[in-house]
1. Residue by residue through region 92-114, note down the ones that are under 14 Å from E27 (Cα atoms) and of a type in the set (S, T, N, Q).
2. Please go through region 13-53 and pick out each residue that is among the small types (G, A, S) and in a loop (DSSP other than H, G, I, E, B).
3. Considering each of T61, T77 in turn, give the residue that is over 18 Å from W28 (Cβ atoms) and either among the small types (G, A, S) or surrounded by 15 or more Cβ atoms within 10 Å (Cβ to Cβ) (or both).
4. Quick check on my filter: what residues within region 39-56 are open to solvent by 70 Å² or more (accessible area, probe 1.4 Å) and touching a residue at least 40 places away in the same chain (Cβ under 8 Å)?
5. Tell me, yes or no, whether region 82-91 has at least one residue that is touching a residue at least 12 places away in the same chain (Cβ under 8 Å), open to solvent by less than 40 Å² (accessible area, probe 1.4 Å), over 16 Å from T23 (Cα atoms) and of a type in the set (V, I, T).
6. From the set of residues in region 67-93 that are part of a loop (DSSP other than H, G, I, E, B) and not polar (S, T, N, Q), which is nearest to P57 (Cα to Cα)?
7. So Q110 clears everything in (1) open to solvent by 40 Å² or more (accessible area, probe 1.4 Å); (2) part of a strand (DSSP E or B); (3) in contact with a helix residue (DSSP H, G or I) (Cβ under 6 Å, 6 or more places away or on another chain); (4) not charged (D, E, K, R) except one condition, right? Which one?
8. Looking at region 24-38 only, could you name the residues that are touching a Leu at 6+ places or on another chain (Cβ under 9 Å) and open to solvent by less than 10 Å² (accessible area, probe 1.4 Å)?
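The values are calculated or read from the model by the stated rules, or taken from the named source; none is laboratory data. Keep in mind that what you see is a predicted model, and the values were worked out from it rather than measured. With ideal geometry, Cβ positions are generated from the backbone for all residues, glycine too; neighbour counts draw on all protein chains shown. Only protein heavy atoms, including side chains, enter the accessible area calculation; ligands, DNA and RNA are left aside. Shrake-Rupley method; radii C 1.70, N 1.55, O 1.52, S 1.80 Å.
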Amino acid sequence: VTGVQTCALPIWKMEIPNDLHYTIEHEWVRMKNNRATIGITDFAQGQLGDVVFVELPAEGTELTKGSPFGVVESVKTVSDIYAPVTAKVVKVNKDLESQPELVNSDPYGQGWMIEIEFSNSSSEQGLLSADQYREQCKSQE
């Protein structure tokens, strides 16, 4: 997520689930076999403020690691969302079309964005653990 600079919440008040992987751009990744669910972190949604619009790719779209795949618009700014791995979109959270605020209220649950399928077994390469992500957020406070 671009435009996320400093932390509005102290790091100890942010939710950073230990069972997820993270990117330096503040996306979270929930891996399961050759699939992953992706969203933006509590840190990112806190920085963006009230989310008013989410633009996501269509199912079947091929994503390239590190490239933008969508946009989150808030009352403060517009930010790109980046693909954590090279993969194909297999499911899109259609609820965000009418309820973009789910990104704020439940970023790790109902506010998920896309589900992807990948073939590369080293898909976790370059992703951060929860502890590594926590340290990154501390350095941005």
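1. N104 - this is the single residue of region 92-114 that is under 14 Å from E27 (Cα atoms) and of a type in the set (S, T, N, Q).
2. G49 - this is the single residue of region 13-53 that is among the small types (G, A, S) and in a loop (DSSP other than H, G, I, E, B).
3. T61
4. Across region 39-56, the qualifying residues are D50, V52, F53.
5. yes
6. Only one residue fits best here, namely A83.
7. All conditions are met except number (2).
8. Across region 24-38, the qualifying residues are W28, V29.
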